Amino acid sequence: MVRNQGGVKVDEELSIGSLAVAAGVNVETIRYYQRRGLVDEPSKPLGGHRRYAAAAAARVRFIKRAQLLGFTLVEIKELLLLEDGQNCREARLLAERKLGLIETRIADLARMRRSLRGLIAQCAEGKRPRSCPIIATLSAEV
């Protein structure tokens, strides 16, 4: 018997609850990914329950890992089109674009940290007793 990373038999079909457990997410996450077009929703047999292929758990784990790297669901949809691993150039370009955005965000956060540290220091020093430097800065006309 062959099992995948989630411990599910490769040829096994799963309920949505079992899929969620195998993928390490909750059922609502699966439903949300279905609404976003990231995970296919199997047809429902008459009087039965939808059954998911074991491979769906790997797809959900792929999505979660990509989110942990900062990819949006729109970007993940693009990555899923490259899931066969044969389009390394396209995947690299997507990753480079994401890295550029992350580096820009880090620079912005560093700037915000410097500004807040300066304002906090002004408050702590009490240089402007009549007006709080934080409130004054936030209220200033730009």
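Descriptive notes on the structure:
- Test: residue in region 26-39 that is among the polar types (S, T, N, Q) and in contact with a Leu (Cβ under 9 Å, 6 or more places away or on another chain): no
- Contact map, region 63-83: residues that are touching a residue at least 24 places away in the same chain (Cβ under 8 Å) paired with residues that are surrounded by 15 or more Cβ atoms within 10 Å (Cβ to Cβ) and not hydrophobic (A, V, I, L, M, F, W, C), Cβ distance under 7 Å, separation 6+ or inter-chain. Pairs shown: 63/33; 70/98; 71/98.
- One residue stands out in region 106-133 among those that are of a type in the set (Lys, Arg) and part of a loop (DSSP other than H, G, I, E, B): the one that is farthest from residue 66 (Cα to Cα), namely 130.
- Test result for residue 136, surrounded by fewer than 10 Cβ atoms within 10 Å (Cβ to Cβ), modelled with pLDDT under 95, aliphatic (A, V, I, L, M) and not in a loop (DSSP other than H, G, I, E, B): no
Each row is one residue, and each column tells you yes or no for (1) in contact (Cβ under 8 Å) with a residue 12 or more places away in the chain; (2) over 20 Å from residue 79 (Cα atoms); (3) buried (at least 16 other Cβ atoms within 10 Å of the Cβ).
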position: 15; (1), (2), (3): yes, yes, no
position: 19; (1), (2), (3): yes, yes, yes
position: 22; (1), (2), (3): yes, yes, yes
position: 37; (1), (2), (3): yes, no, no
position: 43; (1), (2), (3): no, yes, no
position: 46; (1), (2), (3): no, yes, no
position: 51; (1), (2), (3): yes, yes, yes
position: 56; (1), (2), (3): yes, no, yes
position: 61; (1), (2), (3): yes, no, yes
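- Taking helices (runs of 4 or more DSSP H) as the structural unit, those lying wholly within region 13-89 and holding at least 1 residues that are of a type in the set (D, E, K, R), modelled with pLDDT of 95 or more and closer than 30 Å to residue 102 by Cβ correspond to 27-35, 55-68, 73-81.
- Only a single criterion out of (1) under 26 Å from residue 25 (Cβ atoms); (2) part of a helix (DSSP H, G or I); (3) out of contact with any helix residue (DSSP H, G or I) (no Cβ under 8 Å at 6 or more places or on another chain) is not satisfied by residue 103, namely (1).
The values are calculated or read from the model by the stated rules, or taken from the named source; none is laboratory data. All figures in this text were calculated on a predicted structure; none of them were measured in a lab. Quick reminder, even Gly has a Cβ in these numbers, built from the backbone with ideal geometry, and neighbours come from all protein chains shown.
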